[in-house]
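Values quoted throughout were computed directly from the atomic coordinates according to the rules given, and no laboratory measurement underlies them. Only a predicted model underlies this, so the values are computations on that prediction, with no experimental measurement involved. For neighbour counting, all protein chains shown are included, and Cβ atoms are generated from backbone atoms with ideal geometry for every residue, glycine included.
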Amino acid sequence: MIGCETAPLLVIRPAGPASPRLDVALRAALAGRDCQVVDHASEMGAFHGRRVLFAVALGKSGVNLEWCALLAWLRTHPGCLDGCLGAVLVDGESELYTKAVSRELVLAANLCGCAFIGAPLVESTRTLKNYAIRAANLGTDEYHAYLASAETLVERLMSFELPTREAPKLVVLHASSHRNSNTYVLWKKVREQLSEFEVTEIGLRNGAVVDCSGCPYRMCLHYGEQGSCFYGGLMVEEVYPAVKAADGVVMLCPNYNDAMSANLTAFVNRLTALYRTQSFQEKALFGLVVSGYSGSDLVAQQLIAALNMNKGFYLPPRFTMLETANNAGEVLGLPGIDGRAAVFAAGIRAAFGRG
């Protein structure tokens, strides 16, 4: 079981810039809870099977030196958070940097074995303008909307359990050529070890998906309530039904200029209409990223920001497989690739209690 809710909540709050606002949010969110606080990298250890709240104050510069030390510790201790379940609270004194720090944090902790609930981030920028809509929905101001969000985040962290599935369904989305894509070839090797899964693959190549054009909120909601979208096409006919039925989504992402391909990005944007009316928090996200030279971590962070933080997919431990290969088929010759593919497939099975 991931993240035992009966153990004390582990709060990793790196010492750094003073943040009275973060102090207030933590007091409200943690009231009455049994907590263990770690505020320096020297206090880190092997924390297995715990619920973990990362709380980071950034100050005006967006830099917290003790968080940098903790990040370095995580990157050099890859099994230290096995079986943990996490969420993130970041408070900044600028309009910038909170998301960048958060997605880097989530990737590092996830590669250490920490899963993350869907929509795991509560962030506060200097002006709190990022809470304007939530404040209006709650009938309060931005500050109290932030405090309420922090409380709800901890409640969701402590209560979440991903359901096990008897016959898990995966939808695999790609925009790759079957003949010369290292990413797709690697996926085939992984899929060989998922015989108990029902797998649907959908190709989004050659302009198959028109990107979102930013319809007004009410129009997007109207179509979303019908399981549709104003622009129709493959997204409505195949992708929406497949995502709704799936227990997990696998994104096959070759690195295009340190980002997802245009068609996969369009998929994420167009998913908004479905997201308006459907929670994805019990659907798992997986990513398979192959870079020709470097930068796989940037694409993985893009997946985290877009689909875990924004759209609310659950992030299983070690959700992504990151490889470097350039020439067609080169990935299959990488040293140890068979073992890493087997470990990644085992992680997919374990996410659904098929371990």
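Convex hull volume per residue, computed on the Cα atoms of region 9-159, equals 99 Å³. Summing +1 for each Lys or Arg and -1 for each Asp or Glu among the other residues whose beta-carbon sits under 13 angstrom from that of L107 gives +2.
Among the DSSP helices (H) of the chain, none spans at least 30 angstrom by Cα along its long axis with an average Kyte-Doolittle hydropathy of 1.0 or more; this is a geometric and hydropathy rule only. In the structure shown, the pairs K188/K283; K129/K283; K169/K311 are assessed against 24 Å; a Cα-Cα span above that value is assigned to K129/K283.
So between A69 and S177, what do we pick up on full extension, going 0.36 nm a residue minus the alpha carbon distance? Fully extending the segment from A69 to S177 adds 34.7 nm.
When both region 236-259 and region 11-47 are represented by their alpha-carbon centers, they are found 35 Å apart. If you take all other residues with their beta carbon under 13 Å from the beta carbon of V24, and give Lys and Arg +1 and Asp and Glu -1, the sum is -1. The chymotrypsin sites (Phe, Trp or Tyr not before Pro) of region 241-345 that meet both conditions, a loop assignment by DSSP and at most 10 other Cβ atoms within 10 Å of the site Cβ, are Y293. Of the residues S61, S102, S124, the one that moves most in a GNM of the chain with alpha-carbon contacts below 10 Å is S61.
Ordering of 29-36, 139-146 by packing is 139-146, 29-36, highest average first (other Cβ atoms within 10 Å, averaged per residue).
The dipole here belongs to the chain: it is taken about the Cα centre, uses +1 on the Cβ of Lys and Arg and -1 on the Cβ of Asp and Glu, and is about 340 debye. With each label modelled as a point 7 angstrom along the Cα→C-beta vector, the R205-H48 pair spans 4.4 nm.
Each of Q193 and T127 was given a label point 7 Å from its Cα along the Cα-to-Cβ line. The distance between the two points is 4.9 nm. Of the residues Y131, A242, T320, the one whose Cα sits farthest towards the positive end of the charge dipole of the chain is A242 (charges of +1 on Lys and Arg Cβ, -1 on Asp and Glu Cβ, taken about the Cα centre). Stretched out straight at 0.36 nm per residue, the stretch from A18 to E155 would grow longer than its current Cα-Cα span by 46.8 nm. Distance between the modelled labels on A328 and Y293, one decimal in nanometres: 2.2 nm (7 Å Cα→Cβ projection). When you filter the GluC sites (Glu not before Pro) in region 23-113 for DSSP loop state and at most 13 other Cβ atoms inside 10 Å of their Cβ, you are left with E95. For the pair E166 and A346 in one chain, pulling the backbone fully straight at 0.36 nm per residue adds 63.2 nm over the alpha carbon distance. The Rg/Rh ratio for region 59-128, using Cα coordinates for both the radius of gyration and the Kirkwood hydrodynamic radius, is 0.99.
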